[in-house]
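One structure is given below, encoded as structure tokens.
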Amino acid sequence: MKILIKSTTAVIALGGLAFGTGQAIAGCGGAAAAAAGMKPMVYRYDGSGHFLRTGFYGPFFASPITGLWKFTFSAHGDIGTAAPPNALPLPDGTPVDAGFVTWHDDGTELMNSGRTPASGSFCMGVWKQTGPKTFKLNHWAISWIPDYQPGLTNSWSQIPGGLDEVFKAFGPANIEETITLTGENSYKGSFKLTQYVNDGTHGSITDVSNAPVAFVIVGDVNAQRVTVN
């Protein structure tokens with residue numbers, strides 16, 4: 001066995017297989033193992049001189065969280081005294097959102113929310129693995145609200161300024177998740193959604209340094225992997 005580590009790049013050679021760029025696949029007698037239906041283990045270099053086993057070689061290359069998932073967000077009814085400021089006491093199990101989310105191998109994430117696209121349905125985040133089956137996500141979206149009320153206008157064509165004024169920026173929304181894989185094709189955990197108010201008139205729409213918080217929602221997240229039949 002030969003191991004060579006240079007800064008953040010690690011290379012492992014086992015059984016004639018060599019892989020680099022922060023991840024490695026270990027297997028003895030690769031061809032024989034493949035013929036026997038065995039899958040080599042996958043490791044990720046964590047930056048501290050150690051390798052963390054993250055899964056087995058397959059369609060989800062470096063970590064078992066990578067792939068496409070179908071998710072649901074449900075609110076907690078009993079938020080208790082430890083609830084963050086501005087938390088909404090929604091009835092337990094109230095649906096908050098649902099849609100599809102992709103966790104990418106490079107540590108980024110993309111969500112297609114069940115919200116109307118005009119209100120900001122696509123959002124993105126970054127994640128890191130904190131344990132053998134545990135992950136943390138820092139996720140951001142930009143919310144938009146309609147600039148007209150039913151009854152005041154009969155159609156979008158009657159809105160002064162045209163379609164560009166139909167929706168105005170409301171502010172960025174931050175979603176923090178801590179999730180645990182409960183199997184190869186499922187995960188569950190908790191989320192905290194913080195909606196900031198920043199319409200962009202006093203700086204970048206993404207600036208939340210002085211933006212007030214409109215509301216906070218805490219609850220549960222559940223997901224099932226989308227697979228190829």
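The values are calculated or read from the model by the stated rules, or taken from the named source; none is laboratory data. As the structure is a computational prediction, the values presented were derived from the model and not from experiment. Methodologically, a virtual Cβ is constructed for each residue, glycine included, from the backbone with ideal geometry; neighbour enumeration extends over all protein chains shown.
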With a cut-off of at least 2 residues that are at pLDDT 95 or above, among the aromatic types (Phe, Trp, Tyr) and within 21 Å of residue 106 (Cβ to Cβ), name the strands (runs of 3 or more DSSP E) lying wholly within the range 132-229. 134-146
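This table checks each residue for (1) of a type in the set (Phe, Trp, Tyr); (2) surrounded by 13 or more Cβ atoms within 10 Å (Cβ to Cβ); (3) without any contact (Cβ under 8 Å) to a residue 12 or more places away in the chain.
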residue: 189; (1), (2), (3): no, yes, no
residue: 194; (1), (2), (3): no, yes, no
residue: 204; (1), (2), (3): no, no, yes
residue: 207; (1), (2), (3): no, yes, yes
residue: 217; (1), (2), (3): no, yes, no
residue: 223; (1), (2), (3): no, yes, no
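Each row is one residue, and each column tells you yes or no for (1) modelled with pLDDT under 90; (2) surrounded by fewer than 14 Cβ atoms within 10 Å (Cβ to Cβ); (3) among the aromatic types (Phe, Trp, Tyr).
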residue: 33; (1), (2), (3): yes, no, no
residue: 83; (1), (2), (3): yes, no, no
residue: 95; (1), (2), (3): no, yes, no
residue: 113; (1), (2), (3): no, no, no
